[in-house]
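Reviewing the structure listed below.
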């Protein structure tokens with residue numbers, strides 16, 4: 001009986017907690033790694049810096065290399081434009097079915113990745 005009461009109290013405390021289980025940044029990083037299927041990092045790099053996707057030889061015997069573009073340069077685009085690309089995809093990018101809130105988390109996560117990279121570069125040059 002004590003175990004049942006303990007479990008009930010424990011569950012009540014967890015469900016009524018005002019502090020989220022994970023931080024907004026952790027949630028955004030999780031979305032970036034696995035939004036609903038293949039993660040953004042597979043094509044756009046760990047911090048949105050862009051990256052190699054694939055290469056192949058086409059019918060004309062030309063080597064084609066696909067590069068995922070840099071997406072952490074969000075000072076160039078608005079949240080609205082970012083959402084449009086996620087909603088409709090591009091030639092190679094799949095369409096993701098994310099909520100507006102999830103898109104905003106991704107947008108701000110990527111903006112922060114760019115700032116983090118700048119701070120890291122400043123630390124490296126001070127050595």
Which of (1) surrounded by fewer than 15 Cβ atoms within 10 Å (Cβ to Cβ); (2) modelled with pLDDT under 90; (3) outside any helix (DSSP H, G or I) does residue 25 not meet, given it meets every other one?
-> (3)
Residue check: is residue 102 at pLDDT 90 or above, within 21 Å of residue 113 (Cβ to Cβ) and assigned to a loop (DSSP other than H, G, I, E, B)?
-> no
Filter result (in a loop (DSSP other than H, G, I, E, B), free of Cβ contacts under 8 Å to residues at least 40 places away in the same chain and either surrounded by fewer than 14 Cβ atoms within 10 Å (Cβ to Cβ) or touching a strand residue (DSSP E or B) at 6+ places or on another chain (Cβ under 8 Å) (or both)) within the range 30-45 = 34, 45
Taking the condition surrounded by 13 or more Cβ atoms within 10 Å (Cβ to Cβ), outside any loop (DSSP other than H, G, I, E, B), touching a helix residue (DSSP H, G or I) at 6+ places or on another chain (Cβ under 8 Å) and at pLDDT 90 or above, does residue 114 pass?
-> no
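Got at least one residue in the range 49-63 being under 18 Å from residue 112 (Cβ atoms), assigned to a loop (DSSP other than H, G, I, E, B), at pLDDT below 90 and within 14 Å of the chain's Cα centre (by Cα)?
No, the conditions are met nowhere in the range 49-63.
Of all residues in the range 70-93, count the ones that are out of contact with any helix residue (DSSP H, G or I) (no Cβ under 6 Å at 6 or more places or on another chain), surrounded by 15 or more Cβ atoms within 10 Å (Cβ to Cβ) and not in a helix (DSSP H, G or I).
First, pick out the residues of the range 70-93 that are out of contact with any helix residue (DSSP H, G or I) (no Cβ under 6 Å at 6 or more places or on another chain): 70, 73, 75-78, 80-81, 84-85, 87-93.
Within this subset, residues satisfying the condition of being surrounded by 15 or more Cβ atoms within 10 Å (Cβ to Cβ) are 70, 85, 93.
With not in a helix (DSSP H, G or I) added as a condition, the list becomes 70, 93.
So the count comes out to 2.
The values are calculated or read from the model by the stated rules, or taken from the named source; none is laboratory data. Because the structure is a prediction, the values reported are computed rather than measured. All Cβ positions, even for glycine, are placed from backbone atoms using ideal geometry, and neighbour counts span all protein chains on display.
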